[in-house]
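The values are calculated or read from the model by the stated rules, or taken from the named source; none is laboratory data. The shown structure was predicted, so the numbers you read here are calculated from the model rather than taken from an experiment. Ideal geometry is used to build each Cβ from the backbone, glycine not excepted, and the neighbour counts take in all protein chains shown. The accessibility values were calculated without ligands, DNA or RNA, using every heavy atom of the protein model including side chains. Shrake-Rupley method; radii C 1.70, N 1.55, O 1.52, S 1.80 Å.
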Amino acid sequence: MTTPREFKYVGTRPIRHDGVDKVTGRASYGADVVWPGMLHGFVLRSPHAHARIVSIDTRAAEATPGVKAVLTGKDLPETTATIALGEAAIDLRDVGDNMLARTKVLYHGHAVAAVAATTIDIAREAAEKIQVVYEVLEPVTGIDRAIAADAPILHPALRTKGAASPGAAGPTNIASRLEFKRGDVDAAFAEADVVVEREFRTPMVHQGYIEPHACIARCGEDGRAVVWCTTQGPFVVRDACAAIAGLDPAHVKVIPSEIGGGFGGKIVVYLEPMAIALSRKAQRPVKMVMGRDEVFRATGPTSGSRVRVKLGAKRDGTLVAATASLWYEAGAYRGSPVGAGAMCALAAYKIPSFFIEAHDVVVNKPKVAAYRAPGSPIAAFAVESVVDEIARELKMDPIELRLKNANAEGDKAPYGPKYGPIGLKQILEAARNHPHWTSPLAANQGRGIAVGFWFNAGMNSSATVILDTDGSAAVVTGNPDIGGTRAAQAIMVAEELGIPVERVRPGVGDTDGSGYTDLTGGSRVCYATGMAVIRAAEDVRDQLKARAAQIWNVAVDAVGWENGRAIPPAGTEKAEAMTVAGLAAKMAHTGGPIVGRASLYAPMAGPAFGAHICDLEVDSETGQSKVVRYTVFQDVGRAVHPGYVEGQMQGGAAQGIGWALNEEYIYDADGVMENAGFLDYRMPVASDLPMIDTVIIEVPNPLHPYGVRGVGEVPIVPPLAAVANAMRDATGIRFTELPLSPPRVLEAIEAASAVSVGA
Amino acid sequence: MATVHLPSGLTQYTGGVETIDIDAARVPELIAALGHRFPQIAEQLGEMAVAIDGEIYQDPGYQLLRADSDVHLVPRIAGG
Amino acid sequence: MTVTKLHIETTINGEPREFLCDSHETLLSALRNGLGLTGTKEGCATGDCGACSILLDGRLVPACLVLAPEAQGRAVTTIEGLSSGDALHPLQQKFLEHAALQCGVCTPGFIVAAKALLDAKPNPSEDETRYWLAGNLCRCTGYDKIIRAVLDAASEMKESAI
């Protein structure tokens, strides 16, 4: 065992470097820039959820004074390229089709044409003059309809990929089917003393970032394009723009703006290639900004779902068998996160025998995008609700039941490999020992607990650390900073070089200004990019030691390093320890500038678990409920800036609470979303929530030099079930469909009381 | 010989084989050997993430294998 | 061609300003596009998210629901007008100290709305703060640190006023 490293800066809470710009309104987000001569783009969208495009006549729009370019799907080349991005490997043909329909519209709001004009009003009015003739088709509005024998088919060429169900062949809306299994499930269930089976449904929900998608692009006569946009992944945007707009990637530069929230929803391109193509036609910059209704209708929410879960346990609480059948809506094109959902569903528990099947289903709704721990919250809602029922059947404390079955280091994950060090038992023990768990509840209140799991990504990262002659340093990576990663990166450089964190300037590079870096997402930035930052800082330190060796005329290996100073070997004449600033001042005389760099491919950061306790108060006369107390426990490996770690835990919990209580895409029979605005798509506001307490557990991740595990995604996983379990505790009713909105809760309470009165 | 655990959901295409020992020094050779043995799922195997002794590589590239490595093929995962 | 733009004289962050706008243009658009004051953000354009919170004659309003011509002869305060000289407003400072922002796009609206609260009620309770700020959406923080920052700013402003 090595002794744990003592940190000077890691674990402190410095003020974030980009903070002043953000509290003064100076920070530039996607829609905040103006380029000389720029035009405004407007998108014409389909009024039908499912229709064939018969013809598009753009002549009247093109003839409108002030209109400089009109674009339809025919103006763009078809591409077969893909970008590797996990389960939802980005199929750029689908992305291009989704951005601008070619032959069929597949959801209400699907883009069919775009106009660039001198003002946004002219662009909008001209777009309304575009004549689109549709052959309207029956919409597939949900999973049940999609898999019916007589269902309309969205994509005639689609065939089920993976472990197809027996007899499955020919056109289908089931894009893929996966299985995970272990042991003999039927025999295991036969030995169970208690079996609980339930079917759950959740609606489509949106990430709800406050900043709508926005970009500005210019494409010159030479075919070179520059794009400024709000994105989680500038390199993804670059590659997607090149392929979809038909440009050489060498000629596309993407400059990420500050980003006003993403949560997985700002990875795919919806505007950028269109802006480039319009600019190429008009030979002027084109700015495009979505309205909120467009964000809801035509970006990427996460799946609606149907999940059936069955668990069997022995009388002593040992879980012995499980089955789970997951059906996730992909939206208009294949690629829901159902595979991840299947891998996460049972990740917390040692269950010797299980069978999980997962189906990816296309429907006439917007194509889903990643949303914070994609796929896991839906699965956890179902499994953790059933675990709660098992605990009730067995009259067992739900934390004890979970602890009894909790996976630990060396146990085999349901998706195969053995777990390394994980903190599941530690978070459950912390929850059990926390005063929240044993505090009294008031009348009409209930308490629920649930756990959640996410993998946390690794992948490609690059970092550059630039030392200046005054001994300060800049650090540049390619990751847009959504939640405070610049502060974390500055802390890492300070830690490695021993210079004050205020003297480190963290920055986000554009696609020409930083090495290739995968997107900001998957909870990977502090882990994978952080590792690159640490190595780049180490590179600077190694160069400083070499400079000191030169000055002292000793061997490099003999130079030590302590507390930000190079230490001469004992007995060196006229040599005193030199600080970074001292060495930096001599850079020009000892070999020139010092730049440290590192790039790496990191394996996935490794499993992370959280547990949430929710107290809910329910008004039985209105069905209204309110979270009155909430505590989040999470193993984060190592908290580099605890303030922003807590912020991730609190923010994820709040999003999950919204998913549980109020948020949903509401569709009419024609497949038109009826609540595409913040008034009717009800996200939590400040008065809906209490303070959200956080308990940070640190079980260091052996793959990272500080033990960082990643933090952002896990906290959205437990709340759906934690809230539903609290609702069960408060009302005696097991809700299997989200959201637990007042009308649904009231109806169930009235039905239950009618039954008890009748009995 | 690395011990390779095939995806549990694909055993209908492997004649029920769940685990197999493969002599390969690196991931590409291992995937090629598996594809040769189980041609029905060769294409799918190439698209999977590879867990080597518990560490999951979304893109396994040319990762080296130890003689006693424990290898799992798992679906790739997207993050948000 | 007939003149279609309206000429508006107003006061913005204490300075007299004039601008041209369309009769149907929102004050949000005039601030952002005409006057270059992009600290006021557009999140919804329907008055539901609070990202465009400004003060009009001291009253908290969403700039997306105010027509630009309505600014005629009135005083507008935006996020750009909160700091004085080289000193941040105490609310801005407390947002930084409490890590009360993540992506930061809702932050200007929250700070302006919180200023309106503290102007009206220098010593608000947590509940009053939560209900006052219920017109501002934040999707990153879960509001915990925002509420703490506002309450801390209130108590510090009270102390420095004594």
**Asked** Label points 7 Å out from Cα along the Cβ direction at residue C:157 and residue A:133: separation in nm?
**Response** 6.3 nm
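So, counting K/R as plus one and D/E as minus one, what does the shell of residues with Cβ under 13 Å around residue A:458 add up to?
So the environment of residue A:458 carries a net charge of 0.
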**Message:** Computing the accessible area with a 1.4 Å probe over protein heavy atoms, can you report the carbon and sulfur percentage for chain A?
**Reply:** 50 percent
**Request:** Find the accessible area per residue for segment A:393-440; the probe is 1.4 Å, ligands and nucleic acids are left out, and the unit is Å².
**Result:** 43 Å²
**Prompt:** Taking both sides together, what accessible area is buried at the A/C interface, probe 1.4 Å, expressed in Å² and rounded to the nearest 100?
**Reply:** 3900 Å²
**Message:** On a straight-distance basis, which lysines could pair with residue A:418 in a cross-link, Cα separation under 17 angstrom, same-chain partners fewer than 8 positions away excluded?
**Reply:** A:181, A:350
**Fill in**
residue A:186 and residue C:7 label points (each 7 Å along its Cα→Cβ direction) are spaced in nm at 8.9 nm
**Request:** Can you tell me the FRET efficiency between residue A:666 and residue A:502 if r is taken as the Cβ-Cβ distance and R0 is 41 Å, rounded to the nearest 0.05?
**Result:** 0.25
**Item:** Under 16 Å from residue C:121, Cα to Cα: aspartates and glutamates that are on another chain or at least 8 residues apart
**Value:** C:152, C:156, C:159
**Message:** Given contacts defined as C-alpha pairs under 8 Å and at least six residues apart, what's the relative contact order of chain C, whole-number percent?
**Reply:** 22 percent
**Message:** Quick one: 3J(HN,Hα) in Hz for segment A:726-735, Karplus 6.51/-1.76/1.60 with θ = phi - 60°, rounded, Gly and Pro as x.
**Reply:** 5, 5, 4, 5, 7, 10, x, 10, 8, 8
**Asked** Using a simple spin-label model with points 7 Å from Cα along the Cα→Cβ vector, what separation in nm is obtained for residue C:119 and residue A:8?
**Response** 4.6 nm
**Point-charge dipole on Cβ atoms (K/R +1, D/E -1) for chain A, about Cα centre, debye to 20** = 1100 debye
**Message:** Given a 1.4 angstrom probe, I'd like the percentage of the accessible area of chain C that is carbon and sulfur, rounded to a whole number.
**Reply:** 50 percent
**Message:** Output wanted: per-residue J couplings in Hz (rounded whole) for segment A:392-403, from phi through Karplus 6.51 cos²θ - 1.76 cosθ + 1.60, θ = phi - 60°, x for Gly and Pro.
**Reply:** 5, 4, 8, 6, 10, 4, x, 6, 4, 4, 5, 4
**Message:** What does the net charge come to around residue A:741 if you take all other residues with beta carbon closer than 12 Å to its beta carbon, with K and R at +1 and D and E at -1?
**Reply:** -3
**Asked** Roughly how big is segment A:605-656's charge dipole about its Cα centre, with Cβ charges of +1 (Lys, Arg) and -1 (Asp, Glu), in debye to the nearest 20?
**Response** 260 debye
**Request:** Return the long-range amide H neighbours of residue A:418 (sequence gap of 5 or more, or a different chain), with a cut-off of under 5 Å between placed amide H atoms.
**Result:** A:413, B:54
**Prompt:** Got a sec to turn the phi values of segment A:324-329 into Karplus ³J(HN,Hα) couplings, 6.51 cos²θ - 1.76 cosθ + 1.60 with θ = phi - 60°, whole Hz, x for Gly and Pro?
**Reply:** 9, 10, 10, 10, 10, 6
**Request:** Apply 1/(1 + (r/R0)^6) to the Cβ-Cβ distance of residue A:28 and residue C:84, taking R0 = 25 Å, and write down the FRET efficiency to the nearest 0.05.
**Result:** 0.65
**Under 5 Å, built H, 5+ apart or other chain: amide partners of residue A:605** = A:457, A:458
**Complete:** per DSSP, antiparallel bridges as share of beta bridges in the protein assembly as shown, % nearest 5, sits at 75 percent
**Item:** Local net charge near residue A:48, Cβ-Cβ under 14 Å (Lys/Arg +1, Asp/Glu -1)
**Value:** +1
**Prompt:** Any idea of the total accessible area buried by the A-B contact, 1.4 Å probe, rounded to 100 Å²?
**Reply:** 2400 Å²
**Complete:** For residue C:106, the residues 5 or more places away or on another chain with a placed amide H closer than 5 Å to its own amide H are none
**Asked** Rounded to the nearest 0.05, what FRET efficiency do residue A:620 and residue A:600 have when you use their Cβ-Cβ distance and R0 = 60 Å?
**Response** 0.60
**Where segment A:20-75 is the region considered: accessible area per residue in Å², 1.4 Å probe** = 43 Å²
**Complete:** So for chain A, using the alpha carbon gyration tensor with a ≥ b ≥ c as root eigenvalues (a/c under 1.5 gives rounded; past that, a/b versus b/c decides prolate or oblate), I'd call it oblate
